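The values are calculated or read from the model by the stated rules, or taken from the named source; none is laboratory data. Not measured: the values here are computed from a predicted model. Here Cβ is always computed from backbone atoms with ideal geometry, including for glycine, and neighbour counts include all displayed protein chains. Protein only, heavy atoms only, side chains kept; ligands, DNA and RNA dropped before computing areas. Shrake-Rupley method; radii C 1.70, N 1.55, O 1.52, S 1.80 Å.
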Amino acid sequence: MLEFLEDIGALIFGDKRMDALKHFAGLKGFQFRRKIKVKALPLEVQRMDFYDQKKSKSVKGYIFKKDVKLNSFNQIFDYYKTNDFGNKGTTIFIYDCEGLALPTFVIKPKGGFSKIGSIFSSGEWSHISAEFDKAFVVESNDMNYMRMAITIQFAEVMLRLKNFSLEGHGTYLVIY
């Protein structure tokens, strides 16, 4: 019922976010859908950290395109989940590329307590970048792969994206 009321409100008063996404889609050659069903997302994506199995969720402002040169299917959308304080939204970028063979991993910003703990000790990534080590948590089912993949250059890129998380699984690379 809430989504229905939101849809009516958007039709009457407009929706600047949807207008911006539609404009971006047109400029960059993406297709645009105002919303899609959450269950339309691939099962591998539904198993990722950002996807909360227990909460009510919706996908709005879904844009997508096939990149022939990279042989990838690229998707961008706003993902909303309901928590105790209302709707919380996040923009999700999904790259589905057959050329990828990623282990399951997540690289996410450290929370407050983790940051405090890293002040007093060095972690696994400090030899690559002390800043990266203090800023991010790396979890994976294949830490040997991650030790080879996380280079100084990779750490520098992630530090520029300090508030973003990166997840991988098979052919999927997700940034949010």
Original post:
Residues that are modelled with pLDDT under 95, open to solvent by 30 Å² or more (accessible area, probe 1.4 Å) and farther than 30 Å from residue 140 by Cβ: which helices (runs of 4 or more DSSP H) entirely in region 1-70 hold 2 or more of them?
Top reply: 2-13, 16-28
Original post:
Quick one: how many residues across region 141-162 are touching a residue at least 24 places away in the same chain (Cβ under 8 Å), more than 16 Å from residue 101 (Cα to Cα) and in a loop (DSSP other than H, G, I, E, B)?
Top reply: 1
Subject >> Output for region 27-41, where each listed residue is under 18 Å from the mean Cα position of the chain (by Cα) and small (Gly, Ala, Ser) >> reply: 40
Subject >> Given (1) charged (D, E, K, R); (2) modelled with pLDDT under 95; (3) within 12 Å of the chain's Cα centre (by Cα), number of the condition residue 81 does not satisfy >> reply: (3)
**OP:** Show the residue pairs that are 6+ apart or on different chains and have beta-carbon atoms under 8 Å apart, the first residue being within region 73-102 and closer than 18 Å to residue 32 by Cβ, the second being in a loop (DSSP other than H, G, I, E, B) and hydrophobic (A, V, I, L, M, F, W, C).
**Re:** 74/30; 76/30; 79/50; 92/50
